[in-house]
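**Student:** Quick one: the structure is below, and I'll ask about it shortly.
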Amino acid sequence: MDKQELYQSLETVEVQLQDALLQVQAMKEMLTSVVNNLELENKYVRERLQELEKMQVPTVQKEEDASTRSQVQENLNHLYEDGFHICPSSYGAKREGECMFCLEILYRDS
């Protein structure tokens, strides 16, 4: 391998490394954006949950037992209507469209 071939090979490697670096930087920016969005959604869900918990009115123990389930269902319904999953596998994640697991939780008999 002469000097010219070696130089061309090194230039090729340099260009490939620069391309790889640009791809890594783009991925890093995308992941940073995703993390920021998830943190905002998480904050919103926590605040919404706190609001819903504050709305609960304490009642007599027997009434509380009966109303606790309906209050929980109501809270879950509000979260679902606000566009968040309430199913165990995706709880709190932003929802796109309907989720049959969430709907099962909302409409199950018990």
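Since every read-out is calculated from the coordinates, none of them should be taken as a lab result. Please read all numbers here as calculations on a predicted model, not as lab measurements. Note that each Cβ is placed from the backbone with ideal geometry, even for glycine, and that neighbours are counted across all protein chains shown.
**Student:** Could you work out the local net charge near F84, counting Lys and Arg as +1, Asp and Glu as -1, over the other residues with Cβ closer than 15 Å to its Cβ?
**Tutor:** -4
**Student:** Continuing with this model, one more query. Round to the nearest 10 and give me the degree value, 0 to 90, for the angle of helix 61-81's Cα axis relative to the longest principal axis of the chain.
**Tutor:** Rounded to the nearest ten degrees, it is 30.
**Student:** Additional query: Among L21, C99, M1, which residue has its Cα furthest toward the positive end of the charge dipole of the chain, with +1 on Lys/Arg Cβ and -1 on Asp/Glu Cβ?
**Tutor:** The residue sitting most towards the positive pole is C99.
**Student:** Through the Karplus equation 6.51 cos²θ - 1.76 cosθ + 1.60, θ set to phi - 60°, convert the phi angles of region 87-92 into ³J(HN,Hα) values in whole Hz; use x for Gly and Pro.
**Tutor:** So the Karplus estimates, Gly and Pro as x, are 7, x, 6, 9, 3, x Hz.
**Student:** Between beta-carbons, use under 13 Å as the cut-off and find the net charge around L103, counting Lys and Arg +1, Asp and Glu -1.
**Tutor:** -1
**Student:** Under the Karplus relation 6.51 cos²θ - 1.76 cosθ + 1.60, θ = phi - 60°, what is the ordered set of whole-Hz ³J(HN,Hα) values for region 6-13, x standing for Gly and Pro?
**Tutor:** 4, 4, 5, 4, 5, 5, 4, 4
**Student:** What's the Kirkwood radius of the chain in Å, using all Cα pairs?
**Tutor:** Details: mean 1/r = 0.0547 Å⁻¹.
This gives a value of 18.3 Å.
**Student:** Pull out the extension gain between E81 and L40, defined as 0.36 nm times the separation in residues minus the alpha carbon to alpha carbon distance; nm, one decimal.
**Tutor:** 13.0 nm
**Student:** For region 1-55, place one equal point scatterer on every Cα, skip the solvent, and apply the Debye formula. What is log10 of I(q)/I(0) at q = 0.14, 0.15, 0.24 Å⁻¹?
**Tutor:** For the requested q values the scattering log ratios are -0.61, -0.64, -0.88.
**Student:** Something else about it: For F84, which sequence-distant residues (separation of 5 or more, or a different chain) have an amide H within less than 5 Å of its own amide H, given hydrogens modelled in the peptide plane?
**Tutor:** R95
**Student:** How charged is the neighbourhood of L21? Take every other residue with its Cβ under 14 Å from the Cβ of L21, and add Lys/Arg as +1 and Asp/Glu as -1.
**Tutor:** -2
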